[in-house]
Structure formats: structure tokens, C-alpha cells
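Written below as C-alpha cells is the structure these notes are about.
Each reported figure results from applying straightforward, stated rules to the coordinates on display, with no laboratory input. No experiment lies behind these values; they were computed from the predicted model shown. All Cβ positions, even for glycine, are placed from backbone atoms using ideal geometry, and neighbour counts span all protein chains on display.
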Amino acid sequence: MSLLLELAGNKAKARAAAKELSVAQLENLIAGFNNALEKAKEEAAAYDAERALKSARAEEIANLIAKSGLTMEEVALLTTPKAGATKGKTVEPKYRLTVEGETHEWTGRGRTPKVFQAYFDAGNSRDSVEIK
């Protein structure tokens, strides 16, 4: 590939390299380069058309937002996915137990703390430690 870049940047070197080829080889090489040039032009045109279409759509959306009275920031806030209903929120404790002057609280979710489990195993009910 570096040879092609070198030949593309220097006409004299390209002419010198072309002298080593026959006429048929040069015509074949030129046809291949012409095909590559046409394909590169088509790809560039398709890319430009896609960019123009996206730009037009973005302008249309911006106009709709402006007409609605919303700002871009408000739209971004309204369209961001919401976190789970309980994700990140703390849950108020549902049970409270005082043992040896130390108060223990538990939400009632997850694994039962050892202090509460010992209390329940002693025959006490959850209702007796429920916060009301």
C-alpha cells in the first residue's frame, strides 16, 4: 500500500513504474483504478446524502420542539429511561427491637437479622415489634 501512496504523490515515479508494464497491463490497471474511483465517489455521495437527511431530520425535530414550548434539556429529561421503582430509594424500617439498651431496626425485607430471628425463635411475634 505504501508503494501506491508513493506513486500517487509523485508523477515522475508513477511514469517510471508504468514503463515496466505493458500496454494491456496499464489499461487493466487504469480500468481497476477507474472502478475504485467510481465506487469511492458513490460512497462519498451516499455518505453526504445520509448526513443531509439526518441534518434535515434534526432541524425538523428542533422546530417541533420549539413549537411545543419545550427546551432540549426538558426533552432529554423526559425521554431518559427511568430507574427502577425502588432502585436507590431507602426503605423506612418496619420493625424496631431494643435489646440490652441497643435499638435494632429492620425493614422487613431480605434476610432476617440475627437479633430479630432470636427474638422470633423465643416465641415472640412480628406484630410485637412492628413500628406503628
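For the chain, modelled as a Gaussian network with Cα springs under 10 Å, which listed residue fluctuates most, LEU77, LEU97, LEU53? Looking only at LEU77, LEU97, LEU53, the largest GNM fluctuation is found for LEU97. In order along region 13-20, the Karplus-derived 3J(HN,Hα) couplings, from 6.51 cos²θ - 1.76 cosθ + 1.60 at θ = phi - 60°, round to 5, 5, 5, 5, 5, 5, 5, 7 Hz, and Gly and Pro are given as x. Among GLY69, GLY101, GLY32, the largest mean-square fluctuation in a Gaussian network model of the chain (Cα springs under 10 Å) belongs to GLY101.
In region 15-126, taking the dipole from charged Cβ atoms about the Cα centre, the farthest positive-side position among ALA66, ALA36, GLN117 is held by GLN117. Compared with the dominant principal axis of the Cα atoms in the chain, helix 23-68 is inclined by about 40°. Restricting the calculation to Cα atoms, every distinct pair contributes to the Kirkwood radius of region 2-77, found to be 16.8 Å. Dipole size of the chain about its Cα centre, with +1 on Lys/Arg Cβ and -1 on Asp/Glu Cβ: approximately 100 debye, rounded to the nearest 20.
Dipole size of region 2-77 about its Cα centre, with +1 on Lys/Arg Cβ and -1 on Asp/Glu Cβ: approximately 420 debye, rounded to the nearest 20.
For each pair in LYS41/LYS67; LYS13/LYS41; LYS11/LYS54; LYS11/LYS39, compute the distance between the two Cα atoms and list the pairs where it is over 29 Å.
On the way: LYS41/LYS67 39 Å; LYS13/LYS41 26 Å; LYS11/LYS54 40 Å; LYS11/LYS39 23 Å.
LYS41/LYS67; LYS11/LYS54, as the Cα separations exceed 29 Å there.
With helices as the sole contributors, the chain gives -19500 deg cm²/dmol at 222 nm; each DSSP H run of n ≥ 4 counts as -39500 (n - 2.57), and the sum is divided by every residue. Applying both filters, DSSP loop and at most 11 other Cβ atoms within 10 Å, to the GluC sites (Glu not before Pro) of region 1-79 gives GLU20.
Between the labelled values (i) 37.5, 103; (ii) 14.1, 45; (iii) 18.8, 73, the entry that holds Rg and Dmax of the Cα atoms in Å as derived from this structure is (i). Considering only LYS54, LYS114, LYS67, the mean-square fluctuation computed in a Gaussian network model of the chain, springs between alpha carbons under 10 angstrom, is largest for LYS114.
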